[in-house]
Amino acid sequence: MHSPTHRPTTRAAASRQSLLAVAGLAGLLPMGLAAQAPRARPDMAGALRADQRRVTVAVALRPLGRGDTLRAEDIGVADTVITWRWNGIAPDTTRAQVGWIARRPIAVGDVLRAPAVTPPPVIASGTTVTAVWQDGPLTLVLSGVATNTAALGAPVGVRIDRTRRLDGIAVAPNTVRLR
């Protein structure tokens, strides 16, 4: 039996509470949630080990459902320390921005990063797109149909006719730069 003062928590809830405490978000949360967040560990304030990095991450300030669009009041910023053992490669510090879309349910305090949140699509599957190919002063502009939905910078297939398909990158709304 558990004592009345001990409440079992899941691993995800415990790590979320730990992140909130380390990030100092307890003051930003509603009173009930702030009371549950544990205090920051003393080793977080001191010097870092060789395999640790101090990073700033975006965290959810309210529960988000699948398909929700992020608003400014949904995004908080937290400083934290991560263990990073890959030399020469920097950790991904891409932050979620206003307008990004939640692809799964997200709890308060969860880090907002891909693939949980993604930029909004600039090209929808089945829409007419302008495909541009350029080599020096020569520019070729074609019209085609996108074969997949894509965000800015993502790969896009373009069907020119029944037999010809080209690959490119989404560079603007309904515009593809061919490879």
| task | For G65, work out the one condition from (1) modelled with pLDDT of 85 or more; (2) surrounded by 10 or more Cβ atoms within 10 Å (Cβ to Cβ) it doesn't fulfil. | result | (2)
| Only listed residue being assigned to a loop (DSSP other than H, G, I, E, B), under 28 Å from V55 (Cβ atoms) and not small (G, A, S), chosen from R162, R104 | R104
| task | With respect to V176, determine if the residue is surrounded by 15 or more Cβ atoms within 10 Å (Cβ to Cβ), among the β-branched types (V, I, T) and in a strand (DSSP E or B). | result | yes
| query | How many residues does the stretch 74-100 hold that are farther than 18 Å from A116 by Cα and either touching a residue at least 60 places away in the same chain (Cβ under 8 Å) or not in a strand (DSSP E or B) (or both)? | reply | 8
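The values are calculated or read from the model by the stated rules, or taken from the named source; none is laboratory data. Quick caveat: nothing in here was measured; it's all calculated off a predicted structure. Note that each Cβ is placed from the backbone with ideal geometry, even for glycine, and that neighbours are counted across all protein chains shown.
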